[in-house]
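Okay, structure first, notes after.
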Amino acid sequence: MQGCEAANRKWPIACTDISKAFLQGVSYQELSEMTGEPLRDVCFYLPPTSIPVLKQLPGYSDFYAAKEVLRSLMPGTGSVDAPRAFHLKLAQVTRQELQLVPTRTDNELLVLFDRNKGQPVAILCIHVDDLKFAGDKDTIQFIVDKLQSVFGKLIVQWHSF
């Protein structure tokens with residue numbers, strides 16, 4: 001669908017990947033507030049070889065691994081919550097801030113409309129942390145700039161699908 005729209009409208013295509021996406025999602029607190037689910041209390045043991053490094057951080061010099069664990073405030077890579085937390089953060093940016101609209105056939109295929117003309121000006125396809133765009137170059141750059149302000153530097157490949 002995205003390729004057809006790009007070809008019909010003679011739009012350039014671009015793609016990018018959000019680096020370390022599963023470390024950039026919403027916090028457990030935000031996840032609870034957004035979903036109405038109970039706040040998760042996620043703790044973990046640190047591997048013994050990492051404890052000397054932890055003890056170098058302020059406030060952890062007396063960390064005692066036999067009786068203490070670390071609390072995770074955010075889902076991270078390896079956590080079952082990480083993909084969902086990232087997706088919610090990405091949806092905040094794409095759907096709420098940028099006002100891209102999901103299509104009826106695919107929730108991860110989003111369209112940006114010109115509010116005055118009611119015409120599509122860009123289309124975005126999301127697969128986890130891989131994003132594919134079609135639209136005029138300035139509109140794509142506008143979307144990328146907003147994503148970069150939240151997720152950090154993105155490497156955009158043009159005319160590659």
(request) Compare the Cα positions of G59, M34, Q157 along the charge dipole of the chain (+1 at Cβ of Lys, Arg; -1 at Cβ of Asp, Glu; about the Cα centre) and return the one farthest towards the positive end. (result) Q157
(request) Under 18 Å from a label point 7 Å along Cα→Cβ of D136: give me every residue in the range 1-24 with its amide N that close. (result) 5-14
(message) How large is the translational diffusion coefficient of the range 41-110 in µm² per second when you combine the Kirkwood radius over alpha carbon pairs with Stokes-Einstein at 10 °C and 1.306 mPa s?
(response) 104 µm²/s
(message) Give me the percent of accessible area attributable to carbon and sulfur for the chain, probe 1.4 angstrom.
(response) 55 percent
(message) Between R104 and V150, how high is the FRET efficiency from 1/(1 + (r/R0)^6) when r is the Cβ-Cβ distance and R₀ = 22 Å? Nearest 0.05.
(response) 0.25
(request) Would you mind estimating how fast the range 11-143 diffuses translationally, via Stokes-Einstein at 10 °C and 1.306 mPa s with the Kirkwood radius over Cα pairs, in µm²/s? (result) 91 µm²/s
(request) Rounded, prolate or oblate: pick one for the range 77-141, where a ≥ b ≥ c are the square roots of the eigenvalues of its C-alpha gyration tensor, a/c under 1.5 means rounded, and failing that, prolate if a/b is larger than b/c, else oblate. (result) prolate
(message) Checking the a/c ratio against 1.5 first, then a/b against b/c, what shape does the Cα gyration tensor give for the range 12-72?
(response) oblate
(message) Counting only other residues whose beta carbon sits under 13 Å from that of S72, what net charge do I get with K and R as +1, D and E as -1?
(response) 0
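How about the range 38-97: which chymotrypsin sites (Phe, Trp or Tyr not before Pro) there lie in a loop by DSSP and see at most 12 other Cβ atoms within 10 Å?
Passing both the DSSP loop test and the Cβ count: Y45, Y64.
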(message) Tell me the net charge near D62. Cut-off is 12 Å between Cβ atoms, D62 excluded, with +1 for each Lys or Arg and -1 for each Asp or Glu.
(response) +1
(request) Report the net charge of residues surrounding L90, where surrounding means a beta-carbon distance below 12 angstrom and charges are Lys +1, Arg +1, Asp -1, Glu -1. (result) 0
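The values are calculated or read from the model by the stated rules, or taken from the named source; none is laboratory data. Everything quoted here is computed from the prediction, not taken from an experiment. So basically every Cβ, Gly included, is an ideal-geometry build from the backbone, and we count neighbours across all protein chains shown. Heavy atoms of the whole protein, side chains included, go into the accessibility calculation; ligands, DNA and RNA do not. Shrake-Rupley method; radii C 1.70, N 1.55, O 1.52, S 1.80 Å.
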